[in-house]
Amino acid sequence: MAQMGLRIARALQPVAQPVLALAATLAVAAALLALGGHSPADAFGALVQGAFGSWNRFLSFTLVQATPLLLTGLAVAVAFRAGAWNIGAEGQLLAGALAGVALAISWPEASALVLLAATFAAAAAGGAAWALVPIAMKTRMGVGEVITTLLMNFVALFLAQFLVQGPLRESRGVFNMTDEIPAAAQLAPLFPGTRLHAGFLVGLLLAGGLWLYMSRTPGGFRVRVAGASPRAAVASGRFDPARVVRWSFLASGAIAGLAGWIQVAGVTGRMYEGLSPGWGYTAIAVALLARLHPGAIVISAVVFGALGAGGGAMQRDAGVPEAWVRGTEALLILALLAVDRGFRAASKGDS
Amino acid sequence: MNAADAHGDAPPAARLAGVTKRFGAVVALDRVCFELAPGEIHGLLGENGAGKTTLARVLAGLLSPDEGQVEIAGTSVRLRNAADARRLGVAMVHQHFSLVPRFTGFENVALFNEGAWTPRGRATPGYRAHVEARAAELGLAVDLDMRADQMSVGQRQRIEILKALMSETRVLLLDEPTAVLAPKEVERLLAVLRRVARSGTGVVLVAHKLDEVLSAAGRVTVLRRGKQVLAGPARDFSARELAVAMVGEPVGRDRFSDKISLESDGRESADVVASLTDVVAGSPEAPSLRGVTLAARRGEILGVAGVEGNGQRELAAVLAGVLQPLSGVARVPSKPGWMPLDRGEEGLVGDFPLDENVALALHDEPAFRRGPWLDWSGIKKRTKALLADADVAAPGPEAFAATLSGGNQQRLLVARELDRSKELLIAESPTRGLDVKAARAVRRRLVEFARNGEPPPAVVLISPDLDEILELADRILVLVRGRLLPVGPSDRSATAIGALMLAAGDAVGRR
């Protein structure tokens with residue numbers, strides 16, 4: 001009987017941490033809202049209404065916002081799983097978007113299917129190329145990837161600014177953005193009357209594929225070993241963990257690149273400077289909240305998507321500034337770290 | 001040499017009384033008494049894991065004892081950290097130096113010495129001259145303007161010693177200072193230490209090389225498995241007596257030797273499954289293996305004795321095929337079994353369940369693939385079989401490796417590695433840290449493994465534990481300073497091998 005209880009507790013533990021963190025975050029956020037003179041009930045009510053109030057709100061706002069978070073979250077998880085601290089999903093996302101847009105607007109005569117395949121490939125290649133610099137610096141010079149990937153984000157941002165103000169600027173020359181991509185390159189809505197595009201499906205498929213890959217294939221197993229214990233990987237004599245890490249890093253960049261292009265092809269139709277409000281950074285929280293599990297990243301991306309979608313409604317309907325939502329996201333990360341530390345201390349105390 | 005006598009009436013510079021230090025179930029120091037007179041060089045001897053470094057770290061305030069007392073200059077003290085010890089005049093030169101690589105010698109000396117800096121963070125005027133004078137006084141040849149990362153190991157060590165001796169020092173602890181030095185540098189170091197001792201500082205020289213200690217130390221203390229087994233004036237003991245004290249008396253463990261002489265003829269023509277010829281490996285500047293030649297034959301346990309740090313890790317890695325020699329030829333089977341030294345970090349992944357740890361060795365075998373997928377149910381089945389077979393106390397294949405005791409981890413590792421290796425198994429200190437029962441089980445498995453099998457595999461047993469080598473090995477080599485010395489059948493005793501291990505008995509090796 002006790003054995004059974006133990007087993008259940010163990011099975012629940014991975015879920016318990018994020019749930020506890022979420023609960024703690026809501027409690028602290030409620031207290032802060034009350035201190036700030038807002039009614040927590042009204043604010044949360046508006047947030048939930050805004051995110052889940054109707055099918056259309058859920059599909060067109062929450063899931064649309066969740067899509068880039070899902071993709072970048074998966075990108076981050078792939079790298080983190082292998083022990084490569086890729087903080088550069090933001091830059092890789094921009095690089096991927098730029099590559100896709102550049103190809104799409106310079107090849108309007110291509111058929112839809114060809115253009116779809118080509119732009120996806122270009123975006124993945126763009127994101128991977130952006131990850132290549134930190135990978136090379138890590139391999140050749142031993143420079144830590146946390147710094148290089150972070151700095152490459154700014155390079156990508158400035159490159160995007162330069163391109164949309166110069167070579168890729170719209171032909172009207174009014175705004176700092178590119179021309180609209182050809183209709184053939186755009187992703188159609190999944191349901192008529194909503195804004196949810198096929199990119200979300202791509203994210204779901206990718207999550208499922210990564211889940212299978214990580215848990216069921218020898219390649220995915222190697223990624224996990226390389227991340228969990230490079231020394232054990234070397235000692236196994238079966239593979240070179242450094243190589244596995246490099247490929248995971250590259251794949252991470254490619255997925256982040258896809259996220260950028262999917263946002264353009266599914267939502268904006270154009271590339272402009274402010275394409276990403278920092279998804280590449282929020283992605284880290286998304287991935288960590290899901291404990292790097294591809295399936296759980298779907299859920300955590302939807303949670304963050306709902307926060308984003310509901311934030312606007314909260315501002316409109318409850319008069320709570322949207323900055324509160326950003327603060328809540330940050331709180332969630334802090335709570336996650338605190339809970340994780342708490343669990344660790346508790347399990348140490350046992351032994 | 002007899003500076004200690006000159007300070008005869010002064011209280012000891014440092015004293016440990018009945019000090020016990022435990023790490024979990026391991027007793028690193030067991031009611032150890034130790035006394036250091038002012039002005040003496042005290043040799044602290046013992047095999048790896050005997051407790052030498054632990055003792056030094058207790059004195060340096062880095063570890064607090066579980067029982068017993070620490071006295072500095074006759075006063076009982078409680079050292080909470082290294083700074084406490086430093087204030088009382090205890091300085092330690094660690095095995096791995098702690099210099100800032102990008103700083104010059106002078107900057108490193110000045111860094112942690114009060115008085116070197118003005119409140120505004122500038123060097124105190126005249127401090128540089130002070131440092132130079134002190135270096136000259138101690139006879140330390142140092143280049144104060146060279147960056148630490150450009151210095152040789154010897155130069156870095158001298159900076160480290162100068163750093164320790166810039167302020168008033170009663171006790172200077174050096175942890176294996178000679179391990180990293182060339183013979184000529186050892187001479188210079190010992191000359192410096194003699195000078196330091198003459199000025200009244202008590203010097204503790206932690207070492208496992210007997211000749212060096214005997215040439216410098218006035219008194220010696222020998223630790224064995226955490227216990228003080230011998231203490232007294234160095235001149236009262238021969239190198240051989242010290243060697244025996246360190247490795248223990250031979251107690252009827254030559255029982256295998258008859259069998260070996262009987263069977264060795266039959267083995268001459270047996271298959272060689274792995275061979276190294278003049279292998280040099282490690283860092284190019286200071287290779288850890290310096291021309292190693294050996295052959296591992298089927299059905300034989302080849303014992304490699306020797307104190308850790310003499311090239312053991314590199315030898316294992318070369319045999320396992322994960323380290324390429326710098327020169328020489330290594331012919332090793334692909335994917336041999338390997339029980340690495342650090343089983344928690346290298347052998348197993350603590351955060352993984354047991355079946356995934358078994359998969360680590362099996363995941364590329366066709367038998368455990370189903371198309372592109374890993375056959376987890378097959379792996380789980382194999383894991384259960386291994387757990388049962390090796391008598392591992394674990395709830396099941398889902399248990400995390402880190403939750404197992406060291407003994408059970410090792411049983412699993414043994415089972416896994418024996419299961420996969422058909423030609424060669426490398427076992428590094430396979431019973432370290434295990435209790436008697438678990439150690440016995442592991443040893444029995446190794447012997448059965450090497451004797452059975454069709455054809456039987458070869459086992460290379462690398463261990464500093466002489467008892468283990470003598471009990472298990474058919475043939476023994478001693479790895480000393482990156483070279484292998486053979487042990488003839490008549491030298492199969494702890495004394496003879498111990499002397500070889502400590503490189504105090506070159507004559508034995510040449511005979």
Inset, instruction - Give me the distance in nm between label points sitting 7 Å out from Cα along the Cα-to-Cβ direction at A:Q165 and B:A83, one decimal. - result: 5.0 nm
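Run the count for chain B, please: Lys pairs, Cα-Cα under 14 angstrom, 8 or more apart or on different chains.
Numbers: B:K21/B:K52; B:K21/B:K227; B:K52/B:K209; B:K52/B:K227; B:K335/B:K422.
Pairs that pass both the separation and distance tests number 5.
Taking a ≥ b ≥ c as the square roots of the eigenvalues of the Cα gyration tensor of the protein assembly as shown, is the shape rounded (a/c under 1.5), prolate (a/b larger than b/c) or oblate? Kindly include the intermediate steps, with their values, before the conclusion.
Details: a/c = 2.20, a/b = 1.64, b/c = 1.34.
Note, shape of the protein assembly as shown comes out prolate.
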Legend entry - Shielding of B:345-352 by partner chains, average beta-carbon count, 10 Å: 5
Legend entry - Over chain B, relative contact order from alpha-carbon pairs under 8 Å, at least 6 apart, %: 16 percent
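Pick out, in residue order, every one of the trypsin sites (Lys or Arg not before Pro) in the range B:110-216 that is DSSP loop and has at most 15 other C-beta atoms within 10 Å; say none if there are none. Don't skip to the end; give the middle numbers.
Working: sites: B:R120, B:R122, B:R128, B:R134, B:R147, B:R156, B:R158, B:K163, B:R170, B:K184, B:R188, B:R194, B:R195, B:R198, B:K209; in loops: B:R120, B:R122, B:R170, B:K209.
Sites meeting the loop and neighbour criteria: B:R120, B:R122.
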Inset, instruction - Quick one: among A:A232, A:A128, A:A285, which has the greatest mean-square fluctuation in a GNM of chain A with alpha-carbon springs under 10 angstrom? - result: A:A232
Inset, instruction - Compute the separation of the alpha-carbon centres of the range A:275-294 and the range B:266-317 and state it in Å as a whole number. - result: 49 Å
Legend entry - Cα coordinate range in the range B:1-157, projected on the principal axes (Å, largest first): 46, 39, 33
Legend entry - Charge dipole magnitude, Cβ of K and R +1, D and E -1 - the protein assembly as shown, Cα centre, debye nearest 20: 380 debye
Inset, instruction - Pop the C-beta distance of B:D435 and A:F158 into the FRET formula with R0 = 41 Å and round what comes out to the nearest 0.05. - result: 0.10
Legend entry - the protein assembly as shown - share of DSSP beta bridges that are antiparallel (%, nearest 5): 55 percent
Inset, instruction - Can you grab the distance from the C-alpha centre of the range A:201-235 to the C-alpha centre of the range B:465-488, Å, no decimals? - result: 42 Å
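For the pair B:A286 and A:L132, what calculated FRET efficiency results from E = 1/(1 + (r/R0)^6), where r is the Cβ-Cβ distance and R0 = 25 Å, to the nearest 0.05? Numbers along the way, then the final one.
Working: r = 35 Å, r/R0 = 1.40.
Efficiency, rounded to the nearest 0.05: 0.10.
Relative contact order (percent) for the range B:3-247, with alpha-carbon contacts under 8 angstrom and 6 or more residues of separation? Write down the numbers at each step before the final one.
Numbers: 488 pairs, mean separation 70.7, N = 245.
That works out to 29 percent.
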Legend entry - Neighbour count of at most 13 Cβ within 10 Å plus DSSP loop: longest GluC sites (Glu not before Pro)-free window in chain B: B:286-511
Inset, instruction - Output the peptides A:92-100, A:246-254 sorted from most to least packed, where packing is the average of other Cβ atoms within 10 Å over each peptide's residues. - result: A:92-100, A:246-254
Legend entry - Total charge dipole magnitude, the range B:3-247, about the Cα centre, Cβ charges on Lys, Arg, Asp, Glu only, Debye to nearest 20: 400 debye
Inset, instruction - Rounding to the nearest 20 debye, state how big the charge dipole of the range A:70-299 is about its Cα centre with +1 on each Lys and Arg Cβ and -1 on each Asp and Glu Cβ. - result: 900 debye
Inset, instruction - Take the Cβ-Cβ distance between B:T124 and B:E187 as r, set R0 to 35 Å, and report the resulting FRET efficiency rounded to the nearest 0.05. - result: 0.55
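Provide the net charge surrounding B:S98, with neighbours chosen by a C-beta distance below 11 Å and charges set as Lys +1, Arg +1, Asp -1, Glu -1.
Values: positive: B:R156, B:K163; negative: B:E160.
Counting the neighbours of B:S98, the net charge comes to +1.
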Inset, instruction - Report the residue, chosen from A:L59, A:L205, A:L331, that carries the largest GNM mean-square fluctuation when chain A is represented by alpha-carbon nodes joined by springs under 10 Å. - result: A:L205
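Starting from the exponent 0.38 and prefactor 2.2 Å, build the expected Rg for chain B from its residue count and divide its actual Cα Rg by it. Provide the component values of the computation, followed by the final result.
Numbers: Rg = 25.2 Å, N = 511, 2.2 N^0.38 = 23.5 Å.
Expressed relative to 2.2 N^0.38 Å, the Cα Rg reads 1.07.
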Inset, instruction - Using only Cα atoms, locate the centre of the range B:171-232 and the centre of the range A:99-144, then give the distance between them in Å, rounded to an integer. - result: 62 Å
Legend entry - Length released on extending from B:F112 to B:F23, taking residue separation times 0.36 nm less the Cα-Cα span: 29.0 nm
Legend entry - Residue of A:V78, A:V303, A:V64 that the Gaussian network model of chain A assigns the largest fluctuation, springs spanning Cα pairs under 10 Å: A:V303
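Here, each number is a calculation from the coordinates, and none is a lab measurement. The structure displayed is predicted, hence computed values, not measured ones. Positions of Cβ are generated from backbone atoms using ideal geometry, with glycine treated the same way; all protein chains shown enter the neighbour counts.
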